[in-house]
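Below you'll find the structure, written out as structure tokens, and then a few comments.
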Amino acid sequence: MKYPFLVENVKDMLKDMNLEKYQKHHNFHILKVEDHIGEINNYSNIISKHIFEISYGANYDLEMSVDNTNYNTKEGHLTFLAPGQSFYMDIPEGDPSTKKGKGIAYLVFFTSDFLPLGPTDYSIIQKFPYFNRHSSPIYFIKGKVERLCIEYLKKIYQEFQKLDENNIEIIRSYLIILLYEIKRLLEEKIIQNTKVSRAEEITFLFENLLKITSKKRQKIHFYANKLNVSSVYLAECVRKTTGNSPKKIITEYVIMEAKSLLINSTNSIEQIGETLGFDEVSNFTNYFKKNTGLTPNGFKKSE
């Protein structure tokens, strides 16, 4: 596996995959993997700065690695990646499942700019639980759920082949519907990652709780009480799953929300600090600089 390559945008993503000649839009792309066997770089190991990815696959002897966790499955599955996660994919040339016409896989790339769901990456991450950055990104699907996903992906792909201004709006609408359909199915427990451990399940619930908590910079026992587990057990689960402490993940989300507010809010630095739970603007400034290397004002100017 080669060293992860940081990509800034969809163009760079396609270039690293050796598919740049197929680019049609600056912040959205969908490809059907079986149409590019032999073209796609077999060892793409990518970290995207602002790109979300949805992939679907079935009947492929496909090797994937997300944040150094390996997956190999021929079952129907959906994978969700948020910006900042590393993704490695190995598609064997001449995969026999492809020759038989049974293998099918779609890759969808989009940025937060493409969807009217919020102005920043954090808006999308906060809205959809399957874009958690520290939980298993893969969901195994079958039956009606799998047919539903294939139907929308097929529609998006077909519209993308004849791209114009009208098609873009249709694609955008289909993608939004698909995202919310999957969210509803997940919330109703119609789909779930049945192969996760108890520690991974607790980490998933912790991360979702963290995303919807308005003032995230709480003590660990605050989240443990909400999840009806002990602070020690929560810490054990999170560290076992992610290699990080709950405190570090809390800090990550506080900074993520802070950046979102600094970029898009018209509020003052002091008001943003108060929103995030800081009593003094100096405490917010010091906290932000310690974890980013920039002051809030410095970050705002750089963006």
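The values are calculated or read from the model by the stated rules, or taken from the named source; none is laboratory data. Not measured: the values here are computed from a predicted model. A quick note on method: Cβ atoms are made from the backbone with ideal geometry, for glycine too, and the neighbour counts reach across all protein chains shown. Ligands, DNA and RNA are excluded from the accessible area calculation, which covers all protein heavy atoms including side chains. Shrake-Rupley method; radii C 1.70, N 1.55, O 1.52, S 1.80 Å.
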Rounded to the nearest 10 Å², the accessible area of L107 at probe 1.4 Å:
10
Solvent exposure, largest accessible area first (probe 1.4 Å, DNA, RNA and ligands not counted), of R147, R172, R217
R147, R217, R172
About the Cα centre, and with charges only on the beta carbon of Lys, Arg (+1) and Asp, Glu (-1), how big is the dipole of the chain? Nearest 20 debye, please.
660
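With n ≥ 4 as the cut-off for DSSP H runs, can you work out [θ] at 222 nm for the chain, using -39500 (n - 2.57) per run divided by the number of residues, rounded to the nearest 500?
Mean residue ellipticity at 222 nm (helix-derived): -14000 deg cm²/dmol.
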For the chain, which whole percent of the accessible surface, found with a 1.4 angstrom probe, sits on carbon and sulfur atoms?
48
Only sites in a loop by DSSP and with at most 14 other Cβ atoms within 10 Å count here; which GluC sites (Glu not before Pro) in region 142-225 make the cut?
E188
Taking a ≥ b ≥ c as the square roots of the eigenvalues of the Cα gyration tensor, with a/c under 1.5 meaning rounded and otherwise prolate when a/b exceeds b/c and oblate if not, region 258-303 is oblate
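Using a simple charge model, +1 on the beta-carbon of Lys and Arg, -1 on the beta-carbon of Asp and Glu, nothing else, what dipole does region 204-303 show about its Cα centre, in debye to the nearest 20?
Dipole size: approximately 280 debye.
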Short version: what are the Cα gyration tensor semi-axes of the chain, square root of 5 times each eigenvalue, largest first, in whole Å?
34, 23, 18
Could you tell me which residue out of Q218, F284, V229 lies farthest along the dipole of region 212-303 toward its positive end? Charges go on the beta carbon: Lys and Arg +1, Asp and Glu -1, centred on the Cα centre.
V229
What list of ³J(HN,Hα) values in whole Hz, one per residue of region 11-17 in order, does the Karplus curve 6.51 cos²θ - 1.76 cosθ + 1.60 (θ = phi - 60°) give from phi, with Gly and Pro shown as x?
4, 5, 4, 5, 4, 5, 8
What residue among K290, K216, K247 has the largest mean-square fluctuation in a Gaussian network model of the chain, using Cα springs under 10 Å?
K290
Out of F288, F110, F204, a Gaussian network model of the chain with alpha-carbon springs under 10 Å gives the largest mean-square fluctuation to F288
With viscosity set to 0.692 mPa s at 37 °C, what whole-number translational diffusion coefficient in µm²/s follows for region 110-226 from Stokes-Einstein and a Kirkwood radius over Cα pairs?
204
Given region 126-167, report the % of alpha carbon pairs whose separation exceeds 17 Å.
56
On a 0 to 90° scale, report how tilted helix 198-212 is relative to the longest principal axis of the chain, with both axes built from alpha carbons and the result rounded to the nearest 10.
70
Could you run the Karplus curve 6.51 cos²θ - 1.76 cosθ + 1.60 with θ = phi - 60° over region 158-171 and give me ³J(HN,Hα) per residue in whole Hz, x for Gly and Pro?
5, 5, 5, 5, 10, 5, 8, 4, 5, 4, 4, 5, 5, 4
For T275, what accessible surface area do you get with a 1.4 Å probe? Give it in Å², rounded to 10.
60
Of N167, N59, N283, the most mobile residue in a GNM of the chain (C-alpha springs, cutoff 10 Å) is N283
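In square angstrom, what is the accessible area per residue of region 146-303 with a 1.4 angstrom probe?
Per-residue accessible area for region 146-303 comes out at 57 Å².
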Could you state, as a whole-number percent, how many of the C-alpha pairs of region 164-259 are farther apart than 15 Å?
67
Could you run the Karplus curve 6.51 cos²θ - 1.76 cosθ + 1.60 with θ = phi - 60° over region 146-153 and give me ³J(HN,Hα) per residue in whole Hz, x for Gly and Pro?
5, 5, 4, 5, 4, 4, 5, 5
